[in-house]
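**Q** Pasting in a structure now, in structure tokens, and then I'll have a few things to ask.
The values are calculated or read from the model by the stated rules, or taken from the named source; none is laboratory data. Please read all numbers here as calculations on a predicted model, not as lab measurements. Neighbour counts run over all protein chains shown; Cβ positions are idealised from the backbone, glycine included.
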Amino acid sequence: MSALIVAESSFGNTLAISHAIARGLGRATTPYAATIASPREIGTTIPAYVDLLIVGAPTHNLSMPKPATRAQATTKGAVGQTGGGVREWIEHLDARPGLRVVTFDTSIKSGFAPSSASKSAARALKKRGFRDVVRGHSFWVTGLTGPLLDGEDDRADAWGALLAAKTPDNQ
Ligand SMILES: Cc1cc2nc3c(=O)[nH]c(=O)nc-3n(C[C@H](O)[C@H](O)[C@H](O)COP(=O)(O)O)c2cc1C
């Protein structure tokens, strides 16, 4: 089985979570070989061999990053992302309606979070024509530039293993 993780990251935290998810996917009983790509380096047609698409982004203003919020991140020292990101990639993505898709984000943990990048990504993917889309977890950072909260790396690894356990034959 093959998973493609497409992730945008301004300060590296979402990318670190992507690597942890990939590790978890790879150590499951029925492992997934996971590839991690940035939206800029992957085309808008998902390769036929991909069985599971995972889309991740940092939450910016309760949603996926936009050019203006990426520019704000750059003023805070972000080096991870220039040009388009997950939002723009989804807008041009060729739909594979039956493909299993899961989203995740990194966010600052707070008591009240009405929305997040994973929620807006799931909504955009459904709008684009994907039918099997699940909004996955938010993983927590301690502040705007990170780092991740203690234990989030392990939580992402465990989640990856759980995702791999839920194959199409074993929902
Ligand atoms: C412009 C901007 C807006 C942000 N807005 C939110 C927000 O609405 N909610 C939140 O939890 N975190 C917010 N954050 C913090 C990001 O979630 C945090 O920078 C991100 O998780 C770090 O991940 P990265 O290293 O992959 O970029 C914002 C960050 C930036 C730069």
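**Q** Is it fair to say Ile5 is at pLDDT 95 or above and either closer than 19 Å to Asp132 by Cβ or surrounded by 21 or more Cβ atoms within 10 Å (Cβ to Cβ) (or both)? Talk me through it step by step, then tell me what you get.
**A** Values: at pLDDT 95 or above: yes; either closer than 19 Å to Asp132 by Cβ or surrounded by 21 or more Cβ atoms within 10 Å (Cβ to Cβ) (or both): yes.
In short, yes.
**Q** Among the residues of segment 154-170, is any under 15 Å from Gly56 (Cβ atoms), within 10 Å of the ligand (Cβ to nearest atom) and either at pLDDT below 95 or buried (at least 16 other Cβ atoms within 10 Å of the Cβ) (or both)?
**A** Looking for residues that are under 15 Å from Gly56 (Cβ atoms), within 10 Å of the ligand (Cβ to nearest atom) and either at pLDDT below 95 or buried (at least 16 other Cβ atoms within 10 Å of the Cβ) (or both), one finds none in segment 154-170, hence no.
**Q** Moving on. Can you name the number of the only condition in (1) surrounded by fewer than 23 Cβ atoms within 10 Å (Cβ to Cβ); (2) under 12 Å from the mean Cα position of the chain (by Cα) that Ile21 fails?
**A** Checking Ile21 against (1) surrounded by fewer than 23 Cβ atoms within 10 Å (Cβ to Cβ); (2) under 12 Å from the mean Cα position of the chain (by Cα), the one that fails is (1).
**Q** Looking at Ala113, Ala122, can you tell me which residue is modelled with pLDDT under 95 and among the aliphatic types (A, V, I, L, M)?
**A** Ala113
**Q** In addition: Please verify whether segment 91-103 includes one or more residues that are in contact (Cβ under 8 Å) with a residue 60 or more places away in the chain and over 24 Å from Gly26 (Cβ atoms).
**A** Looking for residues that are in contact (Cβ under 8 Å) with a residue 60 or more places away in the chain and over 24 Å from Gly26 (Cβ atoms), one finds none in segment 91-103, hence no.
**Q** Could we say that Ser118 is more than 10 Å from the ligand (Cβ to nearest atom) and either touching a residue at least 12 places away in the same chain (Cβ under 8 Å) or over 12 Å from the mean Cα position of the chain (by Cα) (or both) here?
**A** In short, yes.
**Q** Search segment 25-37 for residues being farther than 19 Å from Val141 by Cβ and buried (at least 16 other Cβ atoms within 10 Å of the Cβ), and hand back the single one that is farthest from the ligand (Cβ to nearest atom).
**A** Step one: of segment 25-37, the residues farther than 19 Å from Val141 by Cβ are 25-35, 37.
Filter again for buried (at least 16 other Cβ atoms within 10 Å of the Cβ), leaving 25-26, 28, 32, 34.
Values: Leu25: 19, Gly26: 21, Ala28: 24, Tyr32: 22, Ala34: 18 Å.
If we take residues in segment 25-37 being farther than 19 Å from Val141 by Cβ and buried (at least 16 other Cβ atoms within 10 Å of the Cβ), then Ala28 is farthest from the ligand (Cβ to nearest atom).
**Q** Which count do you get for residues in segment 9-22 that are within 7 Å of the ligand (Cβ to nearest atom) and at negative phi?
**A** So the answer is 6.
**Q** For segment 95-114, enumerate the residues that are surrounded by fewer than 19 Cβ atoms within 10 Å (Cβ to Cβ) and in contact with a helix residue (DSSP H, G or I) (Cβ under 9 Å, 6 or more places away or on another chain).
**A** Ala95
**Q** Any residue in segment 56-76 that's on the phi < 0 side of the Ramachandran plot and near the ligand (Cβ under 6 Å from one of its atoms): show its pairings with residues that are part of a helix (DSSP H, G or I) and β-branched (Val, Ile, Thr) at Cβ separation under 8 Å, as long as the two are six or more apart or on different chains.
**A** Pro58/Thr14; His60/Thr69
**Q** In addition: Give me a count of the residues in segment 39-85 that are out of contact with any helix residue (DSSP H, G or I) (no Cβ under 6 Å at 6 or more places or on another chain) and outside any loop (DSSP other than H, G, I, E, B).
**A** 12
**Q** So, Leu148, is that one over 13 Å from the mean Cα position of the chain (by Cα), in contact (Cβ under 8 Å) with a residue 40 or more places away in the chain, buried (at least 20 other Cβ atoms within 10 Å of the Cβ) and more than 16 Å from Leu4 (Cα to Cα) or not?
**A** Spelling it out, Leu148 is indeed over 13 Å from the mean Cα position of the chain (by Cα), in contact (Cβ under 8 Å) with a residue 40 or more places away in the chain, buried (at least 20 other Cβ atoms within 10 Å of the Cβ) and more than 16 Å from Leu4 (Cα to Cα).
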